[in-house]
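Take a look at the structure below.
The values are calculated or read from the model by the stated rules, or taken from the named source; none is laboratory data. All values derive from a computational prediction rather than experimental measurement. No Cβ is skipped: glycine too gets one built from the backbone with ideal geometry, and neighbour counts run over all protein chains shown.
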Amino acid sequence: MTKIELRGRLSGQQKTRLQNLFEMMYKPSEIAEEIGFEKRQIYRVYIPLGLPVERDSRNHVWINGMVFKDWILEYYKKVKLKENEVFCLTCKKPVEIIDPIHNEKHSLFYITCDCPHCGRKLSKIITNKF
């Protein structure tokens, strides 16, 4: 199972702003301003994770807007959980539900269990009847 990188994830509004990027070279500060995050996020998170960049003769970083958009959407794909899995925020990965406890609060039905790796209490909503 692959480790899921949560640092650097974009919010829904920031993902929408990705559509405003063009097929041209941007400075990291320009991309950060366009999308709505700090410039240092590019240097501290994205470049070490493998974001394709180009450097000019003065060693300045340039990023193609369309390549950045495609890389972000590919690297931070949505995790699809199986029916018997729940996502553990401590382990940063999907884990199998073992010994589930079925609960009901008002009209909300959910399962609670413990993470087999770290022991964190996990919950998964089954249905919400109104």
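General observations
- Unique match (being of a type in the set (D, E, K, R) and touching a Pro at 6+ places or on another chain (Cβ under 9 Å)) among Lys105, Lys77, Lys92, Lys82: Lys82
- Exactly one residue out of Ile47, Ile72 is part of a helix (DSSP H, G or I), within 27 Å of Pro94 (Cα to Cα) and within 13 Å of the chain's Cα centre (by Cα): that is Ile72.
- All conditions but one from (1) surrounded by 12 or more Cβ atoms within 10 Å (Cβ to Cβ); (2) modelled with pLDDT of 95 or more apply to His60; the one that does not is (1).
- Scanning the range 26-44 for residues that are assigned to a helix (DSSP H, G or I) and not polar (S, T, N, Q) returns Pro28, Glu30, Ile31, Ala32, Glu33, Glu34, Ile35, Arg40, Ile42, Tyr43, Arg44.
- Qualifying residues in the range 83-100 (those that are in a strand (DSSP E or B) and not aromatic (Phe, Trp, Tyr)) - the one farthest from the chain's Cα centre (by Cα): Glu96
- If you filter the range 101-130 down to residues that are part of a strand (DSSP E or B) and among the hydrophobic types (A, V, I, L, M, F, W, C), you find that the one that is surrounded by the most Cβ atoms within 10 Å (Cβ to Cβ) is Leu122.
- Test: residue in the range 7-16 that is exposed (fewer than 12 other Cβ atoms within 10 Å of the Cβ) and part of a strand (DSSP E or B): no
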